[in-house]
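One structure is given here, and the rest of the page talks about it.
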Amino acid sequence: MLPDSLRNHIETKLNACISDVRPVAGGDIHRAYRLRSDEGKEWFVKTNTAPLAAAMFKTEAQGLALLGASRVIRTPKVFTHGCTDDGHAFLLMEFISPGYKNRLFWENFGRALANLHGNTSAQFGFAHDNFIGSLPQSNTRHVSWEAFYAEERLWPQMLLACEKGVFGKEEERQLDGLCRRLTALCPKEPPALAHGDLWSGNFLCDAVGQPVLIDPAASFAHREMDLAMSKLFGGFDDTFYKAYAETWPLEAGFEKRVEVYQLYYLLVHVNLFEGGYVEQVRAILKKWA
Ligand code: ADP
């Protein structure tokens with residue numbers, strides 16, 4: 001249940017009396033609750049006592065604000081984040097009442113993602129580092145995608161997997177080969193504002209049937225990263241990709257190079273869960289080294 005110290009902390013911050021607390025299932029990392037006051041106001045809170053939790057919530061709040069500021073897709077409004085004296089880190093935000101995906105949901109979502117990506121920057125990366133799942137993610141800025149992707153995305157995850165003893169010299173050699181090919185493989189495009197962890201658990205459908213982005217690992221990245229992640233576990237509805245491509249067409253050959261972007265997310269999954277992801281990483285490295 002929601003710890004008393006956190007409940008008191010939130011009531012003070014909101015200057016409200018919480019009369020109903022319901023657990024919200026479905027998260028990978030934190031505990032989550034819907035809070036409701038007697039007047040029917042609702043909030044959503046995520047909490048965790050892990051040492052890095054406060055930092056994770058801070059960067060999640062920054063990411064939601066960054067994506068929300070684009071005004072092309074809804075993100076939950078963040079009210080506050082912090083930590084109670086007894087160590088309960090928390091992130092308090094707007095509760096998104098769930099709705100049904102209407103006929104236009106996927107079309108709207110595809111178009112909105114393309115428009116989000118239309119927010120570009122001079123450099124890949126971002127002003128602050130963040131997390132992908134519970135793993136740190138560096139956003140040190142680079143002018144070139146190949147340098148950013150290799151140095152801030154692929155290599156840190158590979159080195160972590162080597163530290164854990166999952167991979168070794170052979171995989172390092174193969175990754176080096178793949179990284180040398182990135183300039184030729186990835187189309188030259190401007191750094192695009194990306195959600196960064198766009199799988200089906202990281203968006204909601206609100207009460208009026210519109211998409212809402214949650215749980216970002218945001219940075220300015222290659223826009224194909226978001227599409228690649230969306231396709232990693234079966235993909236979204238076809239209408240989503242059609243609307244995306246109508247708004248901002250992809251360069252030819254995306255379907256072939258999609259694995260090159262999925263490699264990052266698979267390495268992250270190796271480091272978080274190991275399992276079958278190890279063989280998927282090996283197959284991609286072998287193919288593209
Ligand atoms: P975790 O960071 O632990 O993976 P999530 O962000 O996925 O947690 O959230 C846990 C659950 O709460 C998921 O089922 C998600 O759909 C839901 N959820 C996340 N944000 C909100 C929100 N602002 N309003 C309502 N439900 C939310």
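The values are calculated or read from the model by the stated rules, or taken from the named source; none is laboratory data. What you see is a predicted model; the values in this text were computed from it and never measured. Neighbour counts run over all protein chains shown; Cβ positions are idealised from the backbone, glycine included. With ligands, DNA and RNA removed, areas are computed over all heavy atoms of the protein, side chains included. Shrake-Rupley method; radii C 1.70, N 1.55, O 1.52, S 1.80 Å.
Okay, here's what the table says:
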item	result
Single residue of segment 1-10 satisfying the filter (assigned to a loop (DSSP other than H, G, I, E, B) and of a type in the set (A, V, I, L, M)) that is most open to solvent (accessible area, probe 1.4 Å)	1
Considering residues of segment 151-170 that are within 21 Å of residue 181 (Cα to Cα) and charged (D, E, K, R) only, the residue most open to solvent (accessible area, probe 1.4 Å)	169
Some residue of segment 216-223 being in the same structural domain as residue 116 (by TED's automatic domain parsing), more than 11 Å from the chain's Cα centre (by Cα) and more than 18 Å from residue 112 (Cβ to Cβ)	yes
Scan of segment 91-104 for residues that are away from the ligand (no atom under 12 Å from the Cβ) and either within 20 Å of the chain's Cα centre (by Cα) or of a type in the set (A, V, I, L, M) (or both), ordered by number	104
Within segment 119-134, considering residues that are in a loop (DSSP other than H, G, I, E, B) and within 15 Å of the ligand (Cβ to nearest atom), the one most open to solvent (accessible area, probe 1.4 Å)	134
Only listed residue being surrounded by 20 or more Cβ atoms within 10 Å (Cβ to Cβ) and among the acidic types (Asp, Glu), chosen from 237, 215, 206	215
Hits in segment 11-70 (condition: out of contact with any strand residue (DSSP E or B) (no Cβ under 8 Å at 6 or more places or on another chain) and either touching a residue at least 24 places away in the same chain (Cβ under 8 Å) or surrounded by 13 or more Cβ atoms within 10 Å (Cβ to Cβ) (or both))	28, 41
Per-region count, segment 263-289, residues in contact with a Lys or Arg (Cβ under 9 Å, 6 or more places away or on another chain) and open to solvent by 20 Å² or more (accessible area, probe 1.4 Å)	3
Members of segment 30-51 found to be in a loop (DSSP other than H, G, I, E, B) and within 13 Å of the ligand (Cβ to nearest atom), listed by number	30, 50
Check on residue 54, more than 13 Å from the ligand (Cβ to nearest atom) and farther than 15 Å from residue 95 by Cα	yes
